[in-house]
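The values are calculated or read from the model by the stated rules, or taken from the named source; none is laboratory data. These numbers were taken from a predicted model, which means no experiment stands behind them. Cβ: placed from backbone, ideal geometry, glycine included. Neighbour counts: every protein chain shown. The accessibility values were calculated without ligands, DNA or RNA, using every heavy atom of the protein model including side chains. Shrake-Rupley method; radii C 1.70, N 1.55, O 1.52, S 1.80 Å.
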Amino acid sequence: MKKLILVVLALVVAGMFNYAFAASDTATVTASATISPMFDLAFYPRPVIDDPDGNIFFPTGALSFPTITGAESMVYPTGRAASDGFSDIGLLFLSNQANNVTANNWVVRMRQSGNIPPDNLVVYVNGEAYNRNIAKPNDIGGVKQGVGWHKIETADMLLYKADLNHLLTTPWGTLMTLSFAIIPSGKLTVGTVQICNGSALAAGSYNASIIFTMVNGV
Amino acid sequence: MIKKVSLVIVVGFFVTFSGLYAAEQRIQDVIASVVVGSTFKLTLDRATLDFGSIKPGERVELYPAEPFHQITCISNNKKNWYLKISVPADINGPGGQSLPKDRLKWQIFWTNGSGVKKEGWESLQDKTTVVYTSGPLDSQGDEVNIKLRYALDVPGNAPAGHYTAVLIYTITESL
């Protein structure tokens, strides 16, 4: 009989223990990921990612010029005309390196390589760089070649320099649109500024690669 | 002839004596008692989840690059219990940058429990979320294993760098 009483008491005590300490347990897990840096140039519009843009005449960056006589003052790529509302190409500058604003200022440079003399090949900067992530032109503090015609040198020339507002441009990128022209005479004056002062193109076949380079940490 | 009779008598006496001796023994009842303590615990098979390197705009699931994350719950309290998840902060990155916690998602892939589990992918939220509610067989002391998988949706505008988030799993007997 005593033993039976003891057993009952023990069960009561055990029950009180459970009641006094509400059951709970906790464990933590740490999830981690490294988001890789993106630093890239791309022709706009990008296949799949961007909607088609009918204002860009050569979305793949392959443009050609018609046969010229040498008498023209300026020759546009095949299919283009002055003030037709198009741009030859769009360039997207993509960067997500926003964690070090001082070291990751970036620039885009351009140069040409080929047998077209610099005074016979020009680029038109259509307007301000456009940060497509914030849906408005946003060039505050950015440095770039001004809107208008520029001779394309064979050495790197600055096309655009990002300011602090352009360190994070992903996913849609900062967009610049450009157009090109041949100057058969080698001479071009815009306003009072003589941009090209070279020689006329001799008969022959010409080609050039226009090379864009995006560099950070400058 | 006489010898044989005597022998019988001696044997019969011995047997009777043995019977008397046995009658003096008493088998006592022994009551064995034991108190089974309360068990209510939660263990994880690992404390880190590494999504590796992800490009902006990508969605990455841990499985199959990593095995499922297994949570083991044991209760012998014969009471319902709840496995919950909470995240105290956003997904913290470099230079004060962060990703919203709902970019991190979880899904119960499998359980041997008899309870009710959340179905489909769930995003981490500001409030504590019930992952699993125990069933009638889940609080009898057996292990209830729950295997989860995780996914991370990285926004396209995520700055580069290393990001971490702390997930807290808790089992309680109250909601």
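To the nearest hundred square angstrom, how large is the accessible surface buried between B and A, total for both chains, probe 1.4 angstrom? Numbers along the way, then the final one.
On the way: alone 11670 and 12940 Å², together 21480 Å².
The buried area between B and A, both sides summed, comes to about 3100 Å².
Less than 17 Å apart at the alpha-carbon level, and either on another chain or at least 8 residues along: which aspartates and glutamates does that give for residue B:41?
A:25, B:138, B:142, B:143, B:173
Please state the charge dipole magnitude for the stretch B:118-175, taken about the Cα centre, from unit charges on C-beta atoms (+1 on K and R, -1 on D and E), reported in debye and rounded to the nearest 20.
Values: 4 positive and 8 negative charges, 45 e Å.
That gives a dipole near 220 debye.
Give the residue from B:62, B:115, B:150 lying farthest towards the positive end of the charge dipole for chain B; charges sit on Cβ (+1 for Lys and Arg, -1 for Asp and Glu) and the dipole is referred to the Cα centre.
B:115
Find out how many positive minus negative residues lie around residue A:215, taking Lys and Arg as positive, Asp and Glu as negative, among other residues whose Cβ is under 13 Å from that of residue A:215. Write out the running numbers ahead of the final one.
Details: positive: A:109, A:111, A:161; negative: A:40, A:156.
Summing Lys and Arg as +1 and Asp and Glu as -1 gives +1.
Compute the distance in nm between two label points, each set 7 Å from the Cα along the Cα-to-Cβ direction, one at residue B:25 and one at residue B:65.
7.3
Calculate how steeply helix B:2-23 sits against the longest principal axis of the alpha-carbon atoms of chain B, using the helix alpha-carbon long axis, and give the answer as 0 to 90 degrees to the nearest 10.
40
Expressed in nm to one decimal, what extension gain is obtained for the pair residue A:83 and residue A:46 from 0.36 nm per residue of sequence separation less their Cα-Cα distance?
On the way: separation 37, 0.36 × 37 = 13.32 nm, distance 2.48 nm.
Result for the pair: 10.8 nm of gain on full extension.
Just how much of residue A:119 is accessible, in Å², when a 1.4 Å probe is used and the result is rounded to the nearest 10?
Only protein atoms counted, so the area is about 30 Å².
Protein chains only, probe 1.4 Å: how do A:107, A:215 rank by accessible area, largest first?
Details: A:107 5, A:215 45 Å².
The most accessible residue leads, giving A:215, A:107.
Of B:79/B:118; A:161/A:187; B:78/B:101; A:161/B:101, which sit over 31 Å apart, Cα to Cα? Display every interim value, and only then the final one.
Numbers: B:79/B:118 20 Å; A:161/A:187 28 Å; B:78/B:101 34 Å; A:161/B:101 34 Å.
Correct reply: B:78/B:101; A:161/B:101.
With a 1.4 Å probe and all protein chains in place, put A:150, B:162, B:69 in order of accessible area, largest first. Each step should come with its number before you reach the end.
Numbers: A:150 35, B:162 100, B:69 0 Å².
Ranking A:150, B:162, B:69 by accessible area, largest first, yields B:162, A:150, B:69.
On a straight-distance basis, which aspartates and glutamates could pair with residue B:55 in a cross-link, Cα separation under 20 angstrom, same-chain partners fewer than 8 positions away excluded?
A:40, A:50, B:66, B:90, B:102, B:153
What is the sum of charges, Lys and Arg at +1 and Asp and Glu at -1, for the other residues whose Cβ falls under 12 Å from the Cβ of residue B:171? Mind dumping the intermediate values first?
Numbers: positive: B:41, B:79, B:84; negative: A:25, B:138, B:173.
Charge balance near residue B:171 sits at 0.
Determine how large the accessible area of residue A:149 is when every protein chain is in place; take a 1.4 Å probe and give Å² rounded to the nearest 10.
50
Rolling a 1.4 angstrom probe over the protein chains, ignoring ligands and nucleic acids, what is the accessible area of residue A:130 in square angstrom, nearest 10?
About 80 Å², rounded to the nearest 10.
Starting from the residue with the highest accessible area, list A:36, A:83 in decreasing order, probe 1.4 Å.
Details: A:36 20, A:83 125 Å².
From most exposed to least exposed: A:83, A:36.
Tell me, what is the per residue accessible area of the stretch A:166-218 in Å², probe radius 1.4 Å? Let's see the in-between values first.
Numbers: 2390 Å² over 53 residues.
I get 45 Å² per residue for the stretch A:166-218.
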